[in-house]
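Here is the structure we will look at.
The values are calculated or read from the model by the stated rules, or taken from the named source; none is laboratory data. As the structure is a prediction and not an experimental result, all values here were calculated from the model. Here Cβ is always computed from backbone atoms with ideal geometry, including for glycine, and neighbour counts include all displayed protein chains. Please note that ligands, DNA and RNA were not included when accessible areas were found on the heavy atoms of the full protein model with its side chains. Shrake-Rupley method; radii C 1.70, N 1.55, O 1.52, S 1.80 Å.
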Amino acid sequence: METRKRILEIATEQFARYGVRAVTMEDIARQAGVSKKTIYQEFSDKKDLVKEAFEKILDEDRCKLAFILETEDGVIEHLVKTSKMMRERLQNMNPMVILEIQKYFPEAWRMFEAFKVEVIMKDLVKVIEKGKELGYFRAEIDSEILAKTRVNQITSSFDPSNFSNPNHNLADEQMVLLDHFLHGIFTEKGRIAFTTQQAIED
């Protein structure tokens, strides 16, 4: 079990840093200090390893989001912390990973599609509804539609055409889109509270 866990941790880190196709099973074996045969005893092939590595990333994010929801009563604190979480995740990930998963590992990509609906969408709807009740978001907005809009914003930057632009920065783009989204639904009370909380977190 420890060997499998180590292989998975090394693979996840290597894929995130260098991209999926650039990292070979030999690279992972060398980094993990095991033989390639040992990897194939734990994972049937590279697709299986990629799927589990991607699942590990999504599970980590799912746990972080659940923890934030459970421990933070404040809508604004939740927004700032999830924003920070997203920025850290994207800054530490080679954007080519997204493109490669989409193109060559459809099973892993389907997990992300499910994650968008079952985790991100549900989390956003809860936060927007609570923010409306507390006066941070405009009362007339439709929570479901706005949550869907935000999810579409997230996935729009994963368009393959973006990756041909050497100046494309996934983390920066997502932060700009999030800022635009939030300031479109904030009341003045929400805008002030968010700016104040950002200053505290930074």
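Screening GLU42, GLU26, GLU13 for residues that are among the acidic types (Asp, Glu) and under 25 Å from the mean Cα position of the chain (by Cα) leaves exactly one candidate, GLU13. Within region 24-44, residues that are within 11 Å of LEU8 (Cα to Cα) reach partners that are surrounded by 15 or more Cβ atoms within 10 Å (Cβ to Cβ) and among the small types (Gly, Ala, Ser) with beta carbons closer than 7 Å, at six or more positions or on different chains, in the pairs ILE28/ALA11; ILE39/ALA29.
Given the criterion open to solvent by 60 Å² or more (accessible area, probe 1.4 Å), out of contact with any His (no Cβ under 8 Å at 6 or more places or on another chain) and either in a helix (DSSP H, G or I) or basic (Lys, Arg) (or both), identify the matching residue among GLU100, GLU113, GLU140, GLU173.
Values: GLU100 fails: open to solvent by 60 Å² or more (accessible area, probe 1.4 Å); GLU140 fails: either in a helix (DSSP H, G or I) or basic (Lys, Arg) (or both); GLU173 fails: open to solvent by 60 Å² or more (accessible area, probe 1.4 Å).
Going through GLU100, GLU113, GLU140, GLU173 in turn, just one is open to solvent by 60 Å² or more (accessible area, probe 1.4 Å), out of contact with any His (no Cβ under 8 Å at 6 or more places or on another chain) and either in a helix (DSSP H, G or I) or basic (Lys, Arg) (or both): GLU113.
When each of GLY74, GLY131, GLY33 is tested for being of a type outside the set (Asp, Glu) and touching a strand residue (DSSP E or B) at 6+ places or on another chain (Cβ under 7 Å), the lone residue that passes is GLY131. Does GLU77 satisfy the condition of being in a helix (DSSP H, G or I) and surrounded by fewer than 17 Cβ atoms within 10 Å (Cβ to Cβ)? Judged against the criteria, GLU77 is not a match. A Cβ distance below 6 Å, combined with a sequence gap of six or more or placement on separate chains, defines the contacts here; from region 119-146, residues that are free of Cβ contacts under 8 Å to residues at least 60 places away in the same chain and on the phi > 0 side of the Ramachandran plot reach residues that are assigned to a helix (DSSP H, G or I) and open to solvent by 80 Å² or more (accessible area, probe 1.4 Å) in the pairs GLY135/LYS189.
For the criterion of being open to solvent by 20 Å² or more (accessible area, probe 1.4 Å) and under 29 Å from VAL117 (Cβ atoms), LYS37 fails.
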